[in-house]
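Everything on this sheet refers to the single structure shown next.
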């Protein structure tokens with residue numbers, strides 16, 4: 001089975017979201033044990049969900065409304081990351097530098113997601129296409 005030369009993992013937005021998710025994973029390993037089923041789980045879940053929903057959106061890009069809906073879900077989860085970062089910083093689980101760095105990366109991801117929502121035709125795949133979209 002031949003692997004497509006371009007898939008969702010090659011999208012800039014996916015790479016950036018994955019980087020944020022992995023950085024969050026590493027940082028949250030140091031969160032207090034009493035946050036294991038609270039903040040740690042929530043921020044990890046939302047950061048991973050951005051990537052998972054991007055994969056789904058990529059496969060749904062043949063249908064404009066479905067594509068926009070899935071990318072909108074990504075944007076929602078990305079916004080949720082920012083809320084959890086606010087809590088992590090306020091609780092002094094992350095440094096100011098970590099907070100600002102992750103917020104900057106999340107905001108950049110958000111701008112890319114909004115571009116996708118506002119310009120779905122740039123990501124559309126036709127039924128007979130062979131995954132040669134942007």
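Just so you know, all these numbers are worked out from the coordinates, no wet-lab data involved. None of these values were measured; they are calculated from a predicted model.
Helix-only estimate, please: 222 nm mean residue ellipticity of the chain, summing -39500 (n - 2.57) across DSSP H runs of length 4 or more and dividing by its residues, to the nearest 500.
Helix contribution divided over all residues of the chain: -23000 deg cm²/dmol.
So between residue 45 and residue 64, what do we pick up on full extension, going 0.36 nm a residue minus the alpha carbon distance?
4.2 nm
Can you give the angle from 0 to 90° between the axis of helix 12-28 and the longest principal axis of the chain, with both taken from C-alpha atoms, to the nearest 10?
Between helix and principal axis, roughly 20 degrees.
On a full-extension model of 0.36 nm per residue, what is the gain between residue 122 and residue 29, subtracting their alpha-carbon distance, rounded to one decimal in nm?
29.7 nm
Could you work out how far helix 96-118 tilts from the main Cα principal axis of the chain, as a 0 to 90 degree angle to the nearest 10?
20 degrees
Helix 64-90 versus the longest principal axis of the chain: what angle, 0 to 90°, nearest 10, using Cα atoms?
The angle comes out near 10 degrees.
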